Amino acid sequence: MAHAATARFKVQLTDVRGEGILNNKGEPADTYLKFNFDDYKTFKTETMNQNANPRFVKTFPGAEGVNFHYETKFFKNLATKHLKIEAWDNNYISDEYLGEAEVDLLLLATGPETYSLLFRKTSDGSPAGRLYLTIRMVQVVKATATLSQVSVMTQSFQQASLHFAYSQEPSKEVKTKEAAPPNPTWRDLPLLEFEASLKDLATNWIVLEVWSNGSRVAIARLKTLDIALQNMASVMLGFDVACGQILHPEFEGTRIKGNLMISDIPAFAQLVGSQGGTELGEVSGGRALLPTVPLPTFFTAQGLTAKDLHPVYGGGNTAHPD
């Protein structure tokens, strides 16, 4: 899929809790965590005193959690980049290191959202408790929709203009000048830019509205994912779509036809309905959003591709994304 030279991700961490975290005396630790996301984002949590099963609700409040953007020019090397999480015991004189867990960013960008990670001591590899968390690492792009040779095929003999927008960003609507009948036509149209992830493209549309005499008279919708997947070669594709909503009887039966290209399509999408476990990059269950997305190393090492985890091709075990 086409993508920009720099990959940009929205990252969200929520529902972070520990289990069985003890100090070197075998007692519940005064636990806090240090997070290092590829040296791009570092932070630490509040301390949970004498608590072997801490929940870090102050650092990760409710559904909001911790949010940030991550950008890298080396997105092809995500498997060599890591999120490192260390557990520490807060002491009066010197804090005590308890253990750490690590996940590569390719797994985060292409694998599950939920994880159960084992803390291990670096000295001897012995277990030091467990960490549960939810991580959403979603690639987003500034996509561009280019339309050309668009015609409103209608029985009306009124002048008309075309307004269009990405359904998730209706306030960024762009519009044409009025064109004369019959079948008002525009050779070149303004560019439509919008931010989207692959999941966004799967669940949203480009909305085309026909306006005449200052009023909206007909509406059609183009499924963005259908166009985007066919635009992997970055060529114009023809469309011919009926207006599903007619707001003026004179425009009954109106269709809109033309050419459309969507460029800068996201490459990465997390699996739907899967679970990540241990410190070894294991993944349990899930399905690929599309048959073309990259997969975690856990699957590719077994010779699997996204087609094997996509229901259209007989793979996967979950329903269509919400």
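The values are calculated or read from the model by the stated rules, or taken from the named source; none is laboratory data. Everything quoted here is computed from the prediction, not taken from an experiment. Every residue, glycine among them, receives a Cβ derived from its backbone with ideal geometry; neighbour counts consider all protein chains shown. SASA here: full protein model, heavy atoms, side chains in, ligands and nucleic acids out. Shrake-Rupley method; radii C 1.70, N 1.55, O 1.52, S 1.80 Å.
What the phi angles of the range 76-92 give under the Karplus curve with 6.51, -1.76 and 1.60, with θ = phi - 60°, is a coupling list of 6, 10, 4, 5, 9, 9, 9, 9, 10, 10, 10, 9, 10, 9, 7, 10, 5 Hz, glycine and proline written as x. For residue 196, the residues whose amide H sits under 5 Å from its own are 141, 143, ignoring neighbours fewer than 5 places away on the same chain, with H placed 1.01 Å from N.
The calculated FRET efficiency for the pair residue 174 and residue 19, based on their C-beta separation and a Förster distance of 51 Å, comes to about 0.50. Working note: Karplus 6.51/-1.76/1.60 with θ = phi - 60° gives the range 240-247 the couplings 8, 10, 6, 7, x, 10, 10, 10 Hz, where Gly and Pro are set to x. Note on the chain: Rg/Rh from C-alpha atoms, Kirkwood Rh, equals 1.12. With every protein chain in place and a 1.4 angstrom probe, the accessible-area ranking of 69, 82, 163, largest first, reads 69, 82, 163. Positive end of the dipole of the chain, charges at C-beta (+1 Lys, Arg; -1 Asp, Glu), about the Cα centre: which of 31, 161, 68 has its Cα farthest in that direction? Of the listed residues, the answer is 161. Taking the Cα centre of the chain as reference, the dipole from Cβ charges on Lys and Arg (+1) and Asp and Glu (-1) amounts to some 620 debye. Work through the residues other than residue 63 whose Cβ is under 12 Å from its Cβ and net out their charges, Lys, Arg +1 and Asp, Glu -1. The answer is -1. Tell me, what is the percent relative contact order of the chain, built from C-alpha pairs under 8 Å that lie six or more residues apart? The value is 18 percent. With contacts taken as Cα pairs under 8 Å and at least 6 residues apart, the range 75-133 reaches a relative contact order of 29 percent. Could you work out the local net charge near residue 172, counting Lys and Arg as +1, Asp and Glu as -1, over the other residues with Cβ closer than 12 Å to its Cβ? With Lys, Arg at +1 and Asp, Glu at -1, the neighbours total -2.
Working note: 222 nm ellipticity from helices only, DSSP H runs with n ≥ 4, each -39,500 (n - 2.57), summed and divided by the residues of the chain, gives -1500 deg cm²/dmol to the nearest 500. Grab the other residues whose beta carbon is less than 14 angstrom from that of residue 208, score K and R as +1, D and E as -1, and report the net. Surrounding charge for residue 208 is +3.
Once each of the trypsin sites (Lys or Arg not before Pro) sitting in a DSSP loop with at most 11 other beta-carbon atoms within 10 Å is removed, the chain keeps 178-322 as its longest stretch.
Using the Karplus relation 6.51 cos²θ - 1.76 cosθ + 1.60 with θ = phi - 60°, the per-residue 3J(HN,Hα) values for the range 139-152 come to 6, 10, 10, 8, 7, 10, 9, 10, 10, 8, 6, 8, 10, 9 Hz, with x marking Gly and Pro. For the chain, a Gaussian network of Cα nodes joined below 10 Å ranks 156, 215, 263 by mean-square fluctuation, and the top entry is 215.
Under 5 Å between amide hydrogens, built in the peptide plane, is the criterion, and for residue 178 it picks out nothing among residues at least 5 positions away or on other chains.
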